[in-house]
Amino acid sequence: MNDMLGCPNHGGRLQIESPMETALANRTHARDALFRMWGRIRNSPFWIVTIALALRVGWIILGHAYRFKPSDDNFSFGWEMGRIAASLASGHGFASPFGPPTGPTAWEPPLYPYLTAGVFLSFGIYSKASAFVLLVLNSFFSALTCVPIFLIAKRMFSEKVAVGAAWAWALLPNVMFWCTRAVWETSLSALLLATVFWLALTLEDRDGWLPWLEFGLLWGIIALNGTSLLSFLPAAGLWAWYRRAKAGKRSFAGVVLASIIFFSCITPWLVRNYRTFGKFIFIRDNFGAELRLGNGNGADGTLMLYLDPPHDSYAMRQFQTMGEVNYIAMRKQQALAYIKADYGRFAVLSMKRFVCFWAGPPRVTDPAWLGPVKDSLFLASSLLMFWGLARALRQRRTGAWLLFWLVLFYPAIYYFVYAIPRYRHSIEPEMAFLCVFLLTEAGKKSSVVRRK
C-alpha cells in the first residue's frame, strides 16, 4: 500500500518528506542539472562559438559601433577598403582607394573590398545597416576562429588548454575590439591563418587529393585577402612535406596539385592587374608607399600617418596628378634613398618597429593612465607567448617548430615598414593557446609544490 502511495516505508514507519526537504531536493537536482549542462557547454566548440558571437553582436548593438560618419573627410568607415567598395557598388570598378576619383587601383587585395561592396549593394552604400552587417560578419569570422584554436591546442597540448584558449578568444575584450570596431579584413585573416595552420598540422595524417586541394585553395583565398600572410606559405608547405616524408608518405603530386589550385585562384587577378596597369603586379602594389610611411625625414619607428594621401592634401594632389603606379614608385624611391643614406639609422628604426609590433606603439589615451595599462597588457601577452613557445619547443610538442616559423616570418615585413596593433591580430589565435599552455604548465608546477 505504501509503495502504491509513493511513500517509502522504513522499519514499518511511514516516511513523509516535509515541504522544506522537497524544496532542497529539487534545488539540488536543478543545481546538478545546471552543472551537467555547463560541463557540456564548457567543452563544446559549438557553444563557445555561439556565445562568442552573441557577445560580439551584443557589443555592436549596445556600443552603437555601427554608427559611422560617411563624410568624405572622415576616413574611419573601412578606410581604403570602404572607398574601393563604394566605387565598386557605384559601378566605377575597383578604383579610388581614398575617395576622390583617381582611377583603377591595386592598393588593396580584392577579396574584402568585393565582400564589402556586396553588402553595400544589398544594404546601402555607407548606411548604418551596411555597417551593422559588416561588423556582424567580422564578428562571425572572429567567433568561428575558436574552432581552429580548439583543434590546434588539443592536438598540440591537451583538451584543457584547448578549452581555455577557445574561451579566452571568445571572451577577451581586446579580441572583440577588432571585429566590432574595424571594417577591415583583420578578423578574416586571423580565421584563415589559424585554419591553414591546422591544415598544415594535420597533413601528415591525411591521404588522398582532398587535403592538398584544400591547402592550395585556402592559400589562394589568403593571398586574395591579405598578402602579408603569404610569408608563412613556404614554411607551412615545407614543414608539412617534411613531416609526411618522415612518416614515409609521398607528397610531390599533392604539392603540384596544391600549387595549381593556388595559382588558379590568383591568376585572374594578376591578369586584371597586368591589363589595367600594363605591368606585372602581384595582387597589390602599395608596398613602396607603405615603406615611405615608416622611412623618411622625421621617422621615429612609428607610422607617419600624416604623409598618407587621405591625411595630406599635397600627397593627395600628387596621387591624383601622377596616378597610382607613378606615385608609389616615387614614394618607394624616397624611402630607399633614406635607407641607403644611413643603414645604421635604418637598423635602429627596425629595432624600434620590432618593439612596436610586440609591445605596441606609443599611444595617446584619455584618461592618460589607460595608455600605459593597454601597453602593459599588450607586452605581457607577447612575453607569455614567447615563453610558451620556448617551452613547447623544449618539450618537442608536435607543431612547435611550425609555430616558431610563423612567429619568425609573419611579422618580419613590419619591422622594415611600420607596425600597428592591428597587424599582430592575425597571429593572436596562436598566441592565445601558447599563453594558455604556459599558464597551465605553471598551474601544474604550483600543484606539485603544494603537494610537497
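Considering each of 373, 407 in turn, give the residue that is among the β-branched types (Val, Ile, Thr) and surrounded by fewer than 17 Cβ atoms within 10 Å (Cβ to Cβ). Working first, answer last.
Working: 407 fails: surrounded by fewer than 17 Cβ atoms within 10 Å (Cβ to Cβ).
The match here is 373.
State which residue is nearest to residue 77 (Cα to Cα) when the search covers only the stretch 118-132 and only residues that are assigned to a helix (DSSP H, G or I) and small (Gly, Ala, Ser).
131
Looking at the stretch 364-378, can you tell me whether even one residue there is of a type in the set (Asp, Glu) and assigned to a loop (DSSP other than H, G, I, E, B)? Steps first, please.
So in the stretch 364-378, the residues of a type in the set (Asp, Glu) come out as 366, 375.
If we keep only those that are assigned to a loop (DSSP other than H, G, I, E, B) as well, we get 366.
Yes, there is a match, as at least one residue in the stretch 364-378 is of a type in the set (Asp, Glu) and assigned to a loop (DSSP other than H, G, I, E, B).
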Task: Of all residues making up the stretch 133-154, the number that are within 17 Å of residue 435 (Cβ to Cβ) and either assigned to a helix (DSSP H, G or I) or free of Cβ contacts under 8 Å to residues at least 40 places away in the same chain (or both) - done: 7
- [ ] Identify the residue in the stretch 295-328 that is surrounded by fewer than 19 Cβ atoms within 10 Å (Cβ to Cβ) and on the phi > 0 side of the Ramachandran plot and, among all such residues, is modelled with the lowest pLDDT.
- [x] 298
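From the list 292, 250, 244, which one is in contact with a Lys or Arg (Cβ under 9 Å, 6 or more places away or on another chain), within 30 Å of residue 150 (Cα to Cα), at pLDDT 95 or above and not small (Gly, Ala, Ser)?
Matching residue, one of 292, 250, 244: 244.
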Open item on the list: What's the number of the only condition in (1) in contact with a Leu (Cβ under 6 Å, 6 or more places away or on another chain); (2) surrounded by fewer than 21 Cβ atoms within 10 Å (Cβ to Cβ); (3) not in a helix (DSSP H, G or I) that residue 224 fails to meet?
Closed with: (3)
Task: Single residue of the stretch 169-215 satisfying the filter (hydroxyl-bearing (Ser, Thr, Tyr) and under 22 Å from residue 110 (Cβ atoms)) that is surrounded by the most Cβ atoms within 10 Å (Cβ to Cβ) - done: 187
Open item on the list: Going by what's in this entry, would residue 251 be described as over 13 Å from residue 209 (Cα atoms) and hydroxyl-bearing (Ser, Thr, Tyr)?
Closed with: no
Open item on the list: Can you report the number of residues in the stretch 303-332 which are under 23 Å from residue 420 (Cα atoms) and touching a Gly at 6+ places or on another chain (Cβ under 8 Å)?
Closed with: 7
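The values are calculated or read from the model by the stated rules, or taken from the named source; none is laboratory data. Note that the structure is predicted; figures quoted are calculated from it, not measured. Cβ: placed from backbone, ideal geometry, glycine included. Neighbour counts: every protein chain shown.
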